[in-house]
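Please read the structure below before turning to the comments.
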Amino acid sequence: MMKKKLGFTILLTCLFLGVLTSNAKVQLPSFFQSGMVIQRGKQVPVWGKADGGERVTIRINKFKTVVIADSNGNFRANLPAMKAGGPYTLMIGDVVLTNVLVGDVWLCSGQSNIDVTIERVYPQYTTEIDQFSNDKIRLFRIQNETNTHGVQEDIRATSINWKPLTKENAWTFSAVGTFLGKRMFEQTGVPQGIIVNSWGGTPIEAWISADSLQQAYPDLLKKTQLYQNDEYVKAQARANQLADQRWTELLNEKDPGIQQHFTALDYDDSTWETVNQFSMEWAKKKGRGIIGSIWLRQHVQIDKAHAGQPARLLLGTLFDQDVTYLNGKEIGHTYYQYPPRRYDIPAGMLREGDNVITIRFINKYGIPHFIPEKPYMLTFGADRFSQNPMPEDVIPLSESWKHHAGVDMPSCPSGDVSLQNLPTTLYNAVVYPLAPYAISGVVWYQGESNTGNPAPYADLLRKMIGNWRTLWKNPTLPFCVVQLANHDGRQQTGNPSPLIPQTTPVNSGWAQLREAQRQVAVNDPYTELAVAIDLGEPVDIHPLRKKEVAERIGLCMDQLVWGKKTALSPQPVNAKLKDHEVIVTFDQPLQEGEQAEFEVAGADKKFVNVKEATASGRQVSLKSPISDPVFVRYAWKDNPVNAHLYSKKDLPASPFEVKVTK
């Protein structure tokens, strides 16, 4: 009897140890979480860490496998290719991930035009965004992080961790990513996972590995070496913080507007100078932009119908920092130039009759100014958040403001510790750790930060794409490159030029970079170009029409991923000289009619405008103003306002430069 009990105890012990062994305690990458979306139709790598030599059991649906962690504790297995579906439970050792969907996963990366959130574009698509609700579209945002020393093994997630699509979850998420996921779900009916990995203002070299840059761009890598000393980086960052704090303290101590309560409704501003908001002379001293603060006030009369109602104040876009007050109370504060000023006014704050809006500009460089062609108004009613509120619920602001000087300040000292702008730092921290997570394709929306030196961009983009394909061990990984939209690049600085469209040929850095993007896409069978030359805004580097951008990305992915014969933006096939005409042939039929924005040049590359150009069939015929044209180009400006060459499918032709043959 004792032998039987002993045998039974040994059996239970073995079974218990077996359970422990097959459910090893594991650590998974941060993006392996409940609610995740895994890629359909291909093997899905699963990896992590356990104790060295431990058996790790992995289960999903009807699949089960056991892997053994190596001596360093690393393990990896591949889930089999599965059809779209779910939700499933994925068990990896002792970790249980629930509500896992199988569908398509897209990685959206680049700089600030990927960053632009649903909140920013909400006025453009209010009804659609209000109705966001789809549990089969999941959103994941990677936390911005840098590493100057080398690659790291994991990323940090934000609070948007495989969240289902709702208005609330998408509010601070990428608008391009959100609309792409929605579009792809509507096209395919399968779950969609959107991973956003972007950082505003970053150059392409930050996203490329050191190995890929070493041979051709050793000088780029030298920039990073100085910042490989953590003590130095911390000290410099601390010094910058202290300098900024001291500068702000002095500003506030000396500013007469704070001491004399310039914001108060009953403050007497009758002696203040009246200025036009767009003149910018009020923002200069001895011809240069004022560093420090400037105060502007405007009185607004509110009728009885709108008095006491909740409202929204639209102050366009301002350069650079503003603090805005209504009747003495702060209603908004924006710390840099790009976000639109949309300040909500609670019920009861606007009184019948006289009200006063006060803006305190705070500026550390450039010239403080209002951005033209933006909305400046008070809006009321339920549709006050939309792009086009009812006319009876709009009170336009005047261009005239009362002006008073604040305080002149010295420049705020600063040492650059923007590690995200250094070569390799983002590849190390937020690209390398993602692989080999299975994805359908990559959206790359970047380039604005490289327009100052566009010459190497095509080579850098090729290197980056090849670099990422090598990392994912997928030489055919699809890429969609979003070409830079139309934008007046002169508006990026703190010293803007008047908004006079460029009419004469200019060797635009924006146009050169668009051509680099085009050349890479044209010469890579697994890369396509989403043309956005008609979706930008001259005065805003962050245009709002992100749904339309996502639709064009979707068309590219339809072709790249599923092999659909989708018509994309027209591309030139060749340009030939016939008599005194240059005939540019495209890859598809065009909308017929007169065309502009074409230029030709001889061997000297001195371009001149073409005055007569006509589209017919697949061709555009140009009457050359020079006898021996060697080059032809189209839409070669930052903001080519007269670029109206479209396909029969209503897609704009890409800007381009090609050689003319005889």
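At a glance:
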| item | result |
| --- | --- |
| Single match in Thr379, Thr317 (criterion: of a type in the set (Val, Ile, Thr), at pLDDT below 95, in contact with an Asp or Glu (Cβ under 7 Å, 6 or more places away or on another chain) and surrounded by 18 or more Cβ atoms within 10 Å (Cβ to Cβ)) | Thr317 |
| Wholly enclosed strands (runs of 3 or more DSSP E) of the range 73-112 bearing at least 3 residues surrounded by 23 or more Cβ atoms within 10 Å (Cβ to Cβ) | 95-110 |
| Those helices (runs of 4 or more DSSP H) lying entirely in the range 185-297 with at least 1 residues more than 30 Å from Asp354 (Cα to Cα), of a type in the set (A, V, I, L, M) and touching a helix residue (DSSP H, G or I) at 6+ places or on another chain (Cβ under 9 Å) | 210-214, 218-225, 230-254 |
| Near pairs, Cβ below 7 angstrom, 6+ apart or cross-chain, from the range 356-379 (of a type in the set (S, T, N, Q)) to any residue that is in a strand (DSSP E or B) and modelled with pLDDT under 95 | Asn363/Gly289 |
| Residue list for the range 153-178, restricted to those being part of a helix (DSSP H, G or I), closer than 15 Å to Arg138 by Cβ and of a type in the set (A, V, I, L, M, F, W, C) | Ala170 |
| Selection count, the range 553-575, where residues are open to solvent by 30 Å² or more (accessible area, probe 1.4 Å) and in contact with a Lys or Arg (Cβ under 7 Å, 6 or more places away or on another chain) | 1 |
| Verdict on Ala643 being surrounded by 20 or more Cβ atoms within 10 Å (Cβ to Cβ) and in a strand (DSSP E or B) | no |
| Val442 closer than 30 Å to Leu79 by Cα and in a strand (DSSP E or B) | yes |
| Top-ranked residue in the range 595-610 [being within 14 Å of Ile583 (Cα to Cα) and assigned to a loop (DSSP other than H, G, I, E, B); ranked as farthest from the chain's Cα centre (by Cα)] | Val610 |
| Hits in the range 31-43 - residues which are modelled with pLDDT of 95 or more and assigned to a loop (DSSP other than H, G, I, E, B) | Phe32, Gln33, Ser34, Gly35, Met36, Arg40, Gly41, Lys42, Gln43 |
| Residue in the range 142-169 that is nearest to the chain's Cα centre (by Cα), counting only those that are open to solvent by 30 Å² or more (accessible area, probe 1.4 Å) and aliphatic (A, V, I, L, M) | Ala157 |
| Verdict on Ile58 being β-branched (Val, Ile, Thr), free of Cβ contacts under 8 Å to residues at least 60 places away in the same chain and in contact with a Leu (Cβ under 9 Å, 6 or more places away or on another chain) | yes |
| Criterion (farther than 24 Å from Phe370 by Cβ and exposed (fewer than 12 other Cβ atoms within 10 Å of the Cβ)) met by exactly one of Gln225, Gln236, Gln309, Gln301 | Gln225 |
| Qualifying residue in the range 159-173 (condition: at pLDDT below 95 and farther than 20 Å from Gly103 by Cα) | yes |
| Among (1) of a type in the set (A, V, I, L, M, F, W, C); (2) more than 30 Å from Ala237 (Cα to Cα); (3) open to solvent by 20 Å² or more (accessible area, probe 1.4 Å) - the single one Ala435 does not satisfy | (3) |
| Residue within the range 97-109 that is touching a residue at least 12 places away in the same chain (Cβ under 8 Å) and within 30 Å of Thr379 (Cβ to Cβ) present | no |
| Among the residues listed as Thr248, Thr274, the single one being surrounded by 11 or more Cβ atoms within 10 Å (Cβ to Cβ), more than 32 Å from the chain's Cα centre (by Cα) and at pLDDT 95 or above | Thr274 |
| Close pairs (8 angstrom Cβ cut-off, 6 or more residues apart or separate chains): more than 19 Å from His369 (Cα to Cα) in the range 498-510, modelled with pLDDT of 90 or more and of a type in the set (Ser, Thr, Tyr) anywhere | Gln502/Ser508; Gly509/Thr451; Trp510/Thr451 |
| Subset of the range 113-128 [open to solvent by 10 Å² or more (accessible area, probe 1.4 Å) and not in a loop (DSSP other than H, G, I, E, B)] | Asp115, Thr117, Glu119, Arg120, Tyr122, Pro123, Gln124, Thr126, Thr127, Glu128 |
| Residue in the range 612-629 that is modelled with pLDDT of 95 or more, within 24 Å of Gln517 (Cα to Cα) and of a type in the set (S, T, N, Q) present | yes |
| Residues satisfying the stated conditions in the range 384-404, i.e. part of a loop (DSSP other than H, G, I, E, B) and open to solvent by 60 Å² or more (accessible area, probe 1.4 Å) | Gln387, Asn388, Met390, Glu399 |
| Residue within the range 134-141 that is under 18 Å from the mean Cα position of the chain (by Cα), open to solvent by less than 10 Å² (accessible area, probe 1.4 Å) and of a type outside the set (Ser, Thr, Tyr) present | yes |
| Residue match in the range 321-331 (condition: under 24 Å from the mean Cα position of the chain (by Cα) and assigned to a loop (DSSP other than H, G, I, E, B)) | no |
| Exclusive hit being over 26 Å from the mean Cα position of the chain (by Cα), on the phi < 0 side of the Ramachandran plot and of a type in the set (S, T, N, Q), set Ser411, Ser418 | Ser411 |
| Failed condition for Thr566, given (1) in contact with a Leu (Cβ under 8 Å, 6 or more places away or on another chain); (2) modelled with pLDDT of 95 or more | (2) |
| Those residues of the range 454-483 which are under 20 Å from the mean Cα position of the chain (by Cα) and not in a helix (DSSP H, G or I), in sequence order | Pro454, Pro478, Phe479, Cys480, Val481, Val482, Gln483 |
| Filter result (open to solvent by 60 Å² or more (accessible area, probe 1.4 Å) and either in a loop (DSSP other than H, G, I, E, B) or among the hydrophobic types (A, V, I, L, M, F, W, C) (or both)) within the range 576-594 | Asp579, His580, Asp587, Gln591, Glu592 |
| Matching entry among Ala216, Ala264 (being small (Gly, Ala, Ser), farther than 17 Å from Thr148 by Cβ and modelled with pLDDT of 95 or more) | Ala264 |
| Subset of the range 490-515 that is hydrophobic (A, V, I, L, M, F, W, C), at pLDDT 70 or above and open to solvent by 10 Å² or more (accessible area, probe 1.4 Å) - its residue that is farthest from Asp540 (Cα to Cα) | Val506 |
| Within the range 44-58, considering residues that are in a strand (DSSP E or B) and not hydrophobic (A, V, I, L, M, F, W, C), the one farthest from Ala69 (Cα to Cα) | Pro45 |
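The values are calculated or read from the model by the stated rules, or taken from the named source; none is laboratory data. No experiment lies behind these values; they were computed from the predicted model shown. Counting neighbours? That spans all protein chains shown, and the Cβs are built from the backbone with ideal geometry, glycine included. Side chains are part of the model used for accessible areas, which takes the heavy atoms of the whole protein and leaves out ligands, DNA and RNA. Shrake-Rupley method; radii C 1.70, N 1.55, O 1.52, S 1.80 Å.
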